[in-house]
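**Student:** This is the structure, below, for whatever I ask next.
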Amino acid sequence: MYWLLRPDAARAFEDRGVRHALGRYVSVATNEKQANFRIAQLVPASFSGDESDGELWKLHAEKLKDYERLKEELDSGRGRFDELERPEKSLLDLKRTLAWRMLESCEFCERRCKRNRRKGEIGFCGLAAEARLSSEFLHMGEEACLVPSHTFFFIGCNFYCVYCQNWTISRQVEKGLPVTGEYLAELAKKRRLGEGSRNVNLVGGSPTPSLHVILDMLLNLDVNVPIVWNSNMYMSTEAMTLLHGVVDVYLGDFKYGNDACAKRLSRVPRYFEVVTRNFLLAREQGAELLIRHLVLPNHVECCTRRVLEWIAEHLGNRARVNIMGQYRPEFEAHRHAEISRRITAEEMSRAFAIAKELGLWNLD
Ligand code: SF4
């Protein structure tokens, strides 16, 4: 009955821009093609677990080539998914093993805290090995092509945005429910088969610190559903490599056009370099991009313009862009005069005018 709440969602798969940027996602959501993680489940990977990290990463690089070949065969119709059997160990098992090893000196994101989270140490995100869930439900407020979106809100975040709308989750005021991959997979299956979710939408906080448990979830998931990685795009290169063959759509925030604003408002170093690198890596992986840019008061020239210029130059209209005007001064925003008010209609008009000037038409 979601179309009663969101009639635009019912029509979204016919939208020219959605098809242009997110065509494979639409095919997976409608079960014409297989989600990336389902293909990774089928790529055999032989390892005992006694190998060194270097040996496992080398094997991972080789198996990614097999994954690309298999994906091309299945997508082109030259191979049939239902004729293939799951191997004893797959590329997805290998990814899971590498992620749990990385947890002993955590470098899931570019903060690279190198804490042994398996032994209970915590880094900037405030999480040890346990993944904790704040809530999960069919989200009706996402972009129309995602609705109804089975959204998992993980506790913890690797950013400290002073205006965070989900600050009880990111700052762990809420403790959440400890979850296993098996439990998450059961929930995803129920929402997909029983309630018609269009995707699994992984968010928080940030999903990145919970990468190891998310891979556990996907190992246990036996239904076809696109995976949406809804994040700040601050993953390390190693985490990006593990997400290759897992994520169908990067629903990535692109918040700032320079490092000074990022440092001041999200306490994050090297922002522009890391986030732009990851958008390009996502594209190289063959994943699809839906980029969110939240327009901040007094940041149209320093951030909105620069973000849209970069997208126009490097991704063009193959990335769908959501220029968002729903900023509200929450959490600690009142301590920063520049962002202690809502956005004005004039600022939003300027943001859309810049997009138009740059030739960006694929706007959500
Ligand atoms: S996920 Fe990022 S912030 Fe958290 S411990 Fe690992 S490197 Fe640090």
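Rule-based calculations on the coordinates, nothing more; no lab input. Values in this document were obtained by computation on a predicted structure and should not be read as measured data. Because the Cβ atoms are built from the backbone with ideal geometry, glycine has one as well, and the counts that use them run over all protein chains shown.
Conditions tested, residue by residue: (1) touching a helix residue (DSSP H, G or I) at 6+ places or on another chain (Cβ under 9 Å); (2) under 25 Å from Ala29 (Cβ atoms); (3) within 15 Å of the ligand (Cβ to nearest atom).
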| position | (1), (2), (3) |
| --- | --- |
| Val225 | yes, yes, no |
| Val228 | yes, yes, no |
| Ser231 | yes, yes, yes |
| Met235 | yes, yes, yes |
| Leu242 | yes, yes, yes |
| Tyr250 | yes, yes, no |
| Asp253 | yes, yes, no |
| Asn258 | yes, no, no |
| Cys261 | yes, no, no |
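**Student:** Out of curiosity, is Glu68 away from the ligand (no atom under 16 Å from the Cβ) and more than 28 Å from Phe159 (Cα to Cα)?
**Tutor:** Yes, satisfied.
**Student:** If you don't mind, another one. Looking at the stretch 104-121 only, could you name the residues that are more than 8 Å from the ligand (Cβ to nearest atom) and either of a type outside the set (Asp, Glu) or at positive phi (or both)?
**Tutor:** Correct list: Ser105, Asn116, Arg118, Lys119, Gly120.
**Student:** Something else: With respect to Val249, determine if the residue is in contact (Cβ under 8 Å) with a residue 40 or more places away in the chain, under 26 Å from Arg11 (Cβ atoms) and in contact with a Lys or Arg (Cβ under 7 Å, 6 or more places away or on another chain). Spell out how you get there, then give the answer.
**Tutor:** Working: in contact (Cβ under 8 Å) with a residue 40 or more places away in the chain: yes; under 26 Å from Arg11 (Cβ atoms): yes; in contact with a Lys or Arg (Cβ under 7 Å, 6 or more places away or on another chain): no.
Answer is no for this residue.
**Student:** Also: Select from the stretch 146-174 the residues that are among the polar types (S, T, N, Q), free of Cβ contacts under 8 Å to residues at least 40 places away in the same chain and away from the ligand (no atom under 16 Å from the Cβ) and list them in ascending order.
**Tutor:** Going residue by residue through the stretch 146-174, those that are among the polar types (S, T, N, Q) are 149, 151, 158, 165-166, 168, 170, 172.
In the following step, the residues that additionally are free of Cβ contacts under 8 Å to residues at least 40 places away in the same chain were identified as 166, 168, 170.
Listed by number, the residues that qualify are Asn166, Thr168.
**Student:** Identify the single condition in (1) out of contact with any Leu (no Cβ under 8 Å at 6 or more places or on another chain); (2) buried (at least 18 other Cβ atoms within 10 Å of the Cβ); (3) among the small types (Gly, Ala, Ser) that Gly156 does not satisfy, given that it satisfies every other one.
**Tutor:** Answer for Gly156: the failing condition is (1).
**Student:** Filter the stretch 194-203 down to the residues that are within 15 Å of the ligand (Cβ to nearest atom) and either in contact (Cβ under 8 Å) with a residue 60 or more places away in the chain or among the small types (Gly, Ala, Ser) (or both) and list them by number.
**Tutor:** none
**Student:** Okay, moving on. Out of the residues in the stretch 122-145 that are within 11 Å of the ligand (Cβ to nearest atom) and at negative phi, which is nearest to the chain's Cα centre (by Cα)?
**Tutor:** Restricting attention to the stretch 122-145, the residues satisfying the condition of being within 11 Å of the ligand (Cβ to nearest atom) are 122-129.
Checking which are at negative phi leaves us with 122-125, 127-129.
Working: Ile122: 22, Gly123: 21, Phe124: 19, Cys125: 17, Leu127: 19, Ala128: 21, Ala129: 20 Å.
Step by step, filter the stretch 122-145, then rank; the result is Cys125.
**Student:** Do any residues in the stretch 204-217 that are free of Cβ contacts under 8 Å to residues at least 24 places away in the same chain have Cβ atoms under 7 Å from those of residues that are near the ligand (Cβ under 9 Å from one of its atoms) and part of a helix (DSSP H, G or I), where the two are at least six apart or on different chains, and which pairs are they?
**Tutor:** Qualifying pairs under 7 Å: none.
**Student:** Criterion first (in a strand (DSSP E or B), of a type in the set (A, V, I, L, M, F, W, C) and within 21 Å of Thr237 (Cα to Cα)) does Leu127 satisfy it?
**Tutor:** Working: in a strand (DSSP E or B): no; of a type in the set (A, V, I, L, M, F, W, C): yes; within 21 Å of Thr237 (Cα to Cα): yes.
Answer is no for this residue.
**Student:** Checking the structure you have, find out if any residue of the stretch 332-341 is in a loop (DSSP other than H, G, I, E, B), over 29 Å from Leu202 (Cβ atoms), over 21 Å from the mean Cα position of the chain (by Cα) and without any contact (Cβ under 8 Å) to a residue 60 or more places away in the chain.
**Tutor:** For the stretch 332-341, residues in a loop (DSSP other than H, G, I, E, B), over 29 Å from Leu202 (Cβ atoms), over 21 Å from the mean Cα position of the chain (by Cα) and without any contact (Cβ under 8 Å) to a residue 60 or more places away in the chain: present.
**Student:** Taking the condition in contact (Cβ under 8 Å) with a residue 40 or more places away in the chain and acidic (Asp, Glu), does Glu313 pass? Can you show your working first?
**Tutor:** Numbers: in contact (Cβ under 8 Å) with a residue 40 or more places away in the chain: no; acidic (Asp, Glu): yes.
So Glu313 does not fit the description; no.
**Student:** Which numbered condition trips up Leu91, out of (1) buried (at least 20 other Cβ atoms within 10 Å of the Cβ); (2) within 16 Å of the ligand (Cβ to nearest atom)?
**Tutor:** Tallying (1) buried (at least 20 other Cβ atoms within 10 Å of the Cβ); (2) within 16 Å of the ligand (Cβ to nearest atom), Leu91 fails exactly one: (2).
**Student:** Go through the stretch 263-276 and count every residue that is within 16 Å of the ligand (Cβ to nearest atom) and farther than 20 Å from Ile311 by Cα. Walk me through it before giving the result.
**Tutor:** To start, the set of residues in the stretch 263-276 that are within 16 Å of the ligand (Cβ to nearest atom) comprises 263, 266-271, 274-275.
Imposing the further condition that a residue be farther than 20 Å from Ile311 by Cα reduces the set to 263, 266-269.
Count: 5.
**Student:** State yes or no: is Leu184 touching a Phe, Trp or Tyr at 6+ places or on another chain (Cβ under 6 Å), more than 16 Å from the ligand (Cβ to nearest atom) and outside any loop (DSSP other than H, G, I, E, B)? Walk me through it before giving the result.
**Tutor:** Details: touching a Phe, Trp or Tyr at 6+ places or on another chain (Cβ under 6 Å): no; more than 16 Å from the ligand (Cβ to nearest atom): yes; outside any loop (DSSP other than H, G, I, E, B): yes.
No.
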